Amino acid sequence: MSYVYLYALLGVSLFVLGLNALIVHAHLLRKILAVNVMSTGVFLVLVALSSRNEEVLPDPVPHAMVITGIVVSVSATALALILMLKVNRATGKNELPDRGRD
Amino acid sequence: MERSRWLLPLLLMLCLGLGYTVLSMPEPVEGLPEMLVDNMEVAGVSNPVTAVLLNFRGYDTLLEMGVLLVALLGVWSLGGIPDYRESSPGLVLDIMSRQLVPVLILVAGYLLWVGADAPGGAFQAGSLLGAAGVLLLLCGWRIGNRCSGLPLRFLLILGLGMFVVAGTGLLLIGGEFLQYPSPVARELILMIEAAATLSIGATLAAMFLGSLPGGADK
């Protein structure tokens, strides 16, 4: 019973770690990876919480959501990577311009 | 820096808050899983996840196939990467891919078939097909010009198209949209899943290529 919550808490910490990396790093590839880590955390929380009641079967609805979510996040990552390459081509840098700092 | 001093405490507070929320979440309302178990005999498949994906929440899956297609359109409309440097694959990758790709296709077919009764299904099988496509692309294989036009696009829209055709057909013969009649539910789901598997695999591999296939050869 308790290890279900262990997985859920692991998912929460993955989410927060990814959020930290998303804020701290300026490099776009690191930002994309950070968003992926965050979504992995969300998936872990969903799957863990779906099986926390031992008397009934695990709820298949979150499982179905996670399965489709993984494929959709892969495709969103592909789109983000192409956008990153386009930014690199246009500005020569792998970062978004920061008007406040320049 | 002023900003980074506040970041860590804020993130720790968020982590604690989210953790507390997860731990203190009330026990699930019993209705949904039990309703599912009660309705499993009309679902046509005995794997509850597949039943949810393809039958009870078919709208979700239909729209997710649409999301995949829109993401691919986004990738294509950005024009790709012109100076994509192609390196010749090493000997190991070249030989490995010849052994692995048939196995991947076989396992994808198995996962698709077994998805009705056990863990598996269209999305897993489609990801494996996509992986096989990525492996082939890494080895320098490109889809021929003859197939990169209409046949490829047909393959890409096959999943969404099969969903829409099945739903509309049911609507026409007097049912509800995507509400399969119980006797043919299994066959309909298998048909939609097979189409979706091919589409997902082709879409993922096409996204990896990053640009319109065939455009570079012209």
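The values are calculated or read from the model by the stated rules, or taken from the named source; none is laboratory data. What you see is a predicted model; the values in this text were computed from it and never measured. In this analysis, Cβ positions are derived from the backbone assuming ideal geometry, glycine residues included, and neighbour counts consider all displayed protein chains.
Yes or no: B:Leu106 in a helix (DSSP H, G or I), modelled with pLDDT of 85 or more and either within 14 Å of chain A (Cβ to nearest Cβ) or over 30 Å from B:Gly44 (Cα atoms) (or both)?
no
Is at least one residue of region B:64-77 touching a residue at least 24 places away in the same chain (Cβ under 8 Å), among the aromatic types (Phe, Trp, Tyr) and buried (at least 18 other Cβ atoms within 10 Å of the Cβ)?
Yes, the conditions are met somewhere in region B:64-77.
Answer yes or no as to whether B:Arg5 is assigned to a helix (DSSP H, G or I) and at pLDDT 85 or above.
It is false that B:Arg5 is assigned to a helix (DSSP H, G or I) and at pLDDT 85 or above.
Filter region B:30-56 down to the residues that are at the interface with another protein chain (Cβ under 10 Å from one of its Cβ atoms) and more than 30 Å from B:Ala194 (Cβ to Cβ), then identify the one that is nearest to the chain's Cα centre (by Cα).
B:Glu34
Which one of these does B:Val101 not meet: (1) within 30 Å of A:Val66 (Cβ to Cβ); (2) modelled with pLDDT under 90?
Result: B:Val101 fails condition (2) only.
Kindly indicate whether B:Gly44 is surrounded by 12 or more Cβ atoms within 10 Å (Cβ to Cβ) and over 21 Å from B:Ala166 (Cβ atoms).
no
What single numbered condition from (1) within 9 Å of chain A (Cβ to nearest Cβ); (2) part of a helix (DSSP H, G or I); (3) not aliphatic (A, V, I, L, M) fails to hold for B:Glu27?
Answer for B:Glu27: the failing condition is (2).
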